[in-house]
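In what follows, a structure is listed as structure tokens, so that the remarks can point back to it.
The values are calculated or read from the model by the stated rules, or taken from the named source; none is laboratory data. Keep in mind that what you see is a predicted model, and the values were worked out from it rather than measured. Here the Cβ positions follow ideal geometry from the backbone for every residue, glycine too, while neighbour counts run over all protein chains shown.
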């Protein structure tokens, strides 16, 4: 039998609770899809598999029960996240500086590397290749800087110098 660990004893993650309006919309769509499509489908499969009798060796039953638990856990997490996040909308005052939600193009002259990414909240990273968390060392170094500024990004591998080439916002 599993014991539920009280949330108060779990370590707190230092993740920002910020999200873009697009990111929040995607989370709401995921919640809606899980609740209206996937959960009813899996619940029907569990009921069907249970009706077959002996559940001890019924792989369909065990797999779908496990999937149902995963869906329910994700739904609980999404409900909590959706309520707790603070949506950051674009504002014209952001122009010219790197802020949350910005698309930033940077270059490392020494290594000849160029990167373009968007600074977003942690929950928006999944499935978005060119997004970085605002809690990452790169984003923390870039926040508040302007085009032409050079920033030093400190990582476990050492310090890297990047020059900001372009800053854009989705409006």
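Structural remarks
- Hey, residue 40 out of contact with any strand residue (DSSP E or B) (no Cβ under 7 Å at 6 or more places or on another chain), modelled with pLDDT of 90 or more and over 30 Å from residue 118 (Cα atoms) or not: yes
- The listed residue being touching a strand residue (DSSP E or B) at 6+ places or on another chain (Cβ under 9 Å), farther than 19 Å from residue 15 by Cα and surrounded by 15 or more Cβ atoms within 10 Å (Cβ to Cβ), out of 97, 65: 97
- Residues in region 117-157 that are farther than 27 Å from residue 28 by Cα and within 18 Å of the chain's Cα centre (by Cα): 137, 138, 140.
- Test: residue 66 is at pLDDT 90 or above, over 22 Å from the mean Cα position of the chain (by Cα) and in a helix (DSSP H, G or I): yes
- Scanning region 69-115 for residues that are without any contact (Cβ under 8 Å) to a residue 60 or more places away in the chain, part of a strand (DSSP E or B) and either over 21 Å from residue 159 (Cβ atoms) or under 23 Å from the mean Cα position of the chain (by Cα) (or both) returns 106, 115.
This table checks each residue for (1) without any contact (Cβ under 8 Å) to a residue 60 or more places away in the chain; (2) part of a helix (DSSP H, G or I); (3) surrounded by 13 or more Cβ atoms within 10 Å (Cβ to Cβ).
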position	(1), (2), (3)
117	yes, no, yes
126	yes, no, no
129	yes, no, no
144	yes, no, no
167	no, no, yes
